[in-house]
1. Could you pull out every residue, at least 5 positions away or on a different chain, whose amide H is within less than 5 Å of the one on B:GLU129? Hs are placed 1.01 Å off N in the peptide plane, and Pro or chain starts have none.
2. So what are the three principal axis dimensions of the stretch A:159-204 from its Cα atoms, in whole Å, longest to shortest?
3. Quick query: amide H of A:LEU471 versus all other amide H atoms, modeled in the peptide plane; which residues come in under 5 Å with a sequence gap of 5 or more or a different chain?
4. How large is Rg over Rh for chain B, taking Rg from the Cα atoms and Rh as the Kirkwood inverse mean of 1/r across Cα pairs?
5. Rounded to a whole number, what is D in µm²/s for the stretch A:460-530 from Stokes-Einstein with the Kirkwood radius over alpha-carbon pairs (10 °C, 1.306 mPa s)?
6. Taking a cut-off of 29 Å between Cα atoms, list the lysines near A:LYS246, but don't count ones fewer than 8 places away on the same chain.
7. What's the local net charge at A:VAL194, with K and R +1, D and E -1, over the other residues with C-beta under 13 Å away?
8. Can you pick out the pairs among A:LYS79/B:LYS18; A:LYS152/B:LYS153; A:LYS49/B:LYS3; A:LYS81/B:LYS18; A:LYS49/B:LYS149 whose Cα atoms lie more than 21 Å from each other?
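Nothing in this text is a laboratory measurement; each read-out follows from the coordinates by a stated rule. Remember, predicted model here, so these are calculated numbers, not experimental data. All Cβ positions, glycine included, derive from the backbone under ideal geometry; neighbour counts span all protein chains shown.
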Amino acid sequence: MFEKSLTDLIQGLRANKRNEADYIQKSLEEIQSEIQQSDMHCKSTAIDKLNYLHMLGYDTNWANFNAVEVMASPRFGEKRKGYLAAAQSFHQETDVLMLATNLIRKDLASANAMEVSVALDGLAQVATPELATDLFDDAMAVLGHSRPFIRKKALVCLYRLVLKHPEGLHALAPLLRERLDDPDPSVVSSAVSVICELARTNPRNYLPLAPKLYQLMNSSTNNWMLIKIVKLFASLTPIEPRLAKKLHGPLSQLICSTSAMSLLYECIHTAVVGDIIGVPLPVTDSVGREIDFAELCARKLVLFYESADHNLRYVGLVTLAQLQARRPELVVNQYETVLKCLDDADLSIRMRALSVISGMATRRTLDRTVKKLMSQLILSNTIKLQPSSSLPSTSNTEYSGKYNSETADSDLFALATSATGASLISARGSIVQSRQLAVAGGPGPADSPEYRLLVVEAIVDMCARQSYANLSNFEWYVAVLVDLVYTAGVDVGQLLGERLLDVTVRVRQVREFSVRLMRQLLSDCQLVSRASAGGSAAKVLCTAAYIMGEYCPLLPASSEDVAMLLPSCLSSLDGEQQATFVQAAIKAYTNWLRDVAGYWNTEVWELVRAVTASTMAQLSDLLATRTGGDDDGAASEFATELPLQVSSRLRHFVEITKAVSVATSNPSDNAPQLCLELHELFTAYELNPVSIAAQSKVPLPEGLDLDSPIGGPIPDTEHIVFPPPPPVSVHSESRRRGSQSSGGRRQRKGHKNEAFYLDDGRDSHRLADLPDVDDIPV
Amino acid sequence: MIKSVLIFNQLGKPRLIKFYEQIGTTQQQEILREIHALVAKRPDTQCNFLEGCQSMGSSSSDSSHRIIYRHYATLYFVFVVDSSESELGILDLIQVFVEALDRVFENVCELDLIFHFDEIHYILMEVVEAGMVIETNLTEISRAVNEAKQQIKPASEHSRL
C-alpha cells in the first residue's frame, strides 16, 4: 500500500535531476514488482507510472499483458490508464491484443458512456486486421447510441477499423450517410471528417454525397466543418467538372462574406487548386462590382502574402505558388513583392517565396533573380568560402558591388567577359571582405543546407528550363555555374557537372569560354586538393577535365595542361573519374604536340623531350600505384589493382609517350611527323552527342527479319553421324597433326552443323579427312 | 489527419507526446529531438509553420507532413499533420486545446502539465481521437472532461484501503 503514485514518481524525478537515469532504473524495478501484485489498484498505478516513463523514451512493451489486465478493471479511472498504455505501446504484432477482444467488446456494450468512449478511443488506436474484423459489428452497433458524444467517437473509430478491415466499408457507407443528417452538429462534423479522409484515397465513390455536402456548406456555421467540406470539394472537382460551376457561386459568397481568415484561405485555395477559377462566370465582389472570379481570388490573396502576420504570409505564398503554376499571368505583377519575401529572416517563408519565384522566371527577370539568390549564398554567415590562392586577388569591387547593389543594371553581371580572366574567383577576395559587413550574428536562414540546396537547384532549373528558353547570354550562365562550384556549400557537384557538360556540348559558341573557365578551375590548387577528399568537388573537376580534353584545340595549348590533368590526387579518385582525367590528359598532350610542332626549333625540341620525360615519370608512378596499399607503397594483401579502364588508358599514354620519345631522340629541323599527327587520334571525326531515343528512331531496313534463325536448327550433338573413315594417307596425317591443335574432333564436326558458326571452307574439307574415333587403336 | 501532438518546453523536455501512427519509441524520441531543435531556433516573429524537418519527411509543402506549432510561455505545442488539414485551422485548434486546458486547470502553467500529465492526455482525447478532430467547441470539451472526473472521484475513495 505504500507504493509510489505517479505524483511521487514525478516529484522524485525532479528531486533527482542529477542521477535521473539511476532513479528511473530503481523505479522501473519497483514498477516491475508492483505490476505482479494481484491488487488492481497497485497494478494500475504501476501502469500509470509506466505511461509517464514511456514519454521519456523508455520502452514499456514488457508490460503489455499487465496493460490488458488493467484494461479489464471494473473501475473507470483504472481502465482508462490501461487503455492509454495500450495506445502508447501496442503495435500491429502485439500478441496480447487477442486477449483484449472480449473485454473491448464488453466495454463497447457498456451502459456507462465513459467506458464506451474510452474503449472506442483505444480500439481506434490499436486496431489490427483481426481485431477490426471481430469487433466491427460491435462498433457499428454503437453508432446508434443515444448520446451524440458517443456517436461522434464511434464514427472515427469505425473509420480506423475500416482501414484495417476494408470489407466493412460496404456496411458503413450508408450509416455514414445517415449521420450527415444527425441533429447534433459535432456528429455531423465527425461524419464529414471521416468522409473527407475516405475520399482522399477514392474521391469518385463519394461524389454522390456532393449534393448533401453542398447543402451543408450553405447552411452550416461550424467553421471547422466548412473548412473540411471546402477542402473535400477541391479533390472532387477534378473528377467532376460540373461541380466547379455549382461551387462557383457559394464559394465566391463565402470569400466575400466570411470574417474567418482560415476559412477564407481555404476557399481561395480550393478555388485555385480545384480549378474553379477556370470557370468563366463573373462574380460580384463585396462592393457590388462584377469581376472575374480569378481576379477576385488573386486580389484577396494579396491580403495574405502582404500581411504583417507571418502565418498569413506563409499560407499566402503557398497558394500563390499554386496559382502561379496554373495562371501565371495573374501572378506576374507580383514579382517585386515576392522578391522582397525572399529576404525574409524566416526560413519557411523564404522557401515558399523561392518556389514562387523560380516559377516566375522569364528572360527579363532571370538575372535579377539569380543575382539575388547568389548574393544570398555568398553572404551567409557561417559557410566559409575558399578564397583562391592561385590567382592574384585583384580587388574587383565592381563585381562584388554588382552582387550587392540592387540598382546595378541587369546586364551581364558575373565574371565572364573580363579579358584577363579575372573573375569571381579573384573578386571573391573582396567579397569575403564585404561579407564582414554583412549581417553579423548567428546562422541565418541562408545557412540551412536544405535552403542552399533548394537555391542551387532553383537557379539551375530556372536557367535550363525548356532548353534554355530564358537565357540570353550563355557565357553568363557558364560563369554562374562556376561560381556555384565555389559558393554552394552543399553537395551539388554532380548537378553542376552535368549542367556544365550539357551547355558546353550543346552550345557551340560558348565552348571556348567554357574551356577557359575549366582551365581556371583545374589550376585552382585548393579546389583540387578538396577533390581528393571525394565528394562534389571531384565530380565537377571530372567534368572540367573532360571538357578540357575534348575542346582543348579551341585554346592556345600550354605544356602545363598535361600536368594539370594528372594531378597528384588522381589516385584517390574513383575509377571512372580517374579514367576521364587520363583520357583528357592524352588529348591535351597530343594537342599540345601538334600545336608546338608548328614552330619547331631546338628549344622546342628540348621542351618536348622534357615534358615527355616528366609525363612518363608521372605515368609510371601512377601505374605503380595500388589503391589501398600500405603507406610505404609495398603491395599489401588488401591492395587492389588499378581499375581496368584506368590502367588501360595509362598504358596507352605510356606507349604514346614512348613513341614520341623515340621520334624526338635526335634533334631535327622539322617536327617529327608523329607530333603533327597524333592528335588525329581524337579529331578524325567529330562526334556529336546522340540523344537517348535516337537508336529507336533508326528505321529497320526492308526485308530484315530479326526473328528467323540464321542457320538451320542446331542438331543434338549426340546424334551426329560421323562420316566413314577416309583412307589413311600421308597427306591427311600431316594435316591431321595440324588440326589437332584446337578443340576436339567431335566439337569440330558439331560446329559444321551449328547455326551460328561461320563455315570456314578449310575446315569442312578437312573434316572429311579425319579418321574416325573408332579407328584409334586402343 | 493529425499524425502527432507534442508538447515540450524550451529545453526539449517532453510534457506530452502522442503519436497517432504506431512507431517505435526510439523513433518517437528522435522526432521529438529534431522538432525541438528546429523550433527552438525560431524567434516568435517568424511564422508558425516549420519546414526542413528531415526525420518526418521532406521539407517542401507538397509533402505529406507539415509541422505547425505555437509557443505559449515556456511551452511549445506542436501538431504534425498531413495535407488534409488546414494550416490556419490547426493553429486555431491549438488555441482551443490550450483554452480547454486553461478551463480545466484554471490558469494552467507548466507545472500543471508536469504533475497531471495523464489528465492532459484525457483532455486531448476529447479533442482529437485517433488523429481526427472530434470536437472544437470549448463548452463541450470541458463538459466531457468534467463528466469523466465525476466518475473518477467516487472510485478513488474506494481504492484507498
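1. Distant-sequence amide H within range of B:GLU129: B:ILE134.
2. Here the spans come out as 28, 19, 18 Å, largest first.
3. none
4. Ratio of gyration radius to Kirkwood radius: 0.98.
5. 126 µm²/s
6. Answer for A:LYS246, where 29 Å is the Cα cut-off: A:LYS212, A:LYS228, A:LYS231, A:LYS300, listed by chain and number.
7. +4
8. A:LYS152/B:LYS153; A:LYS49/B:LYS3
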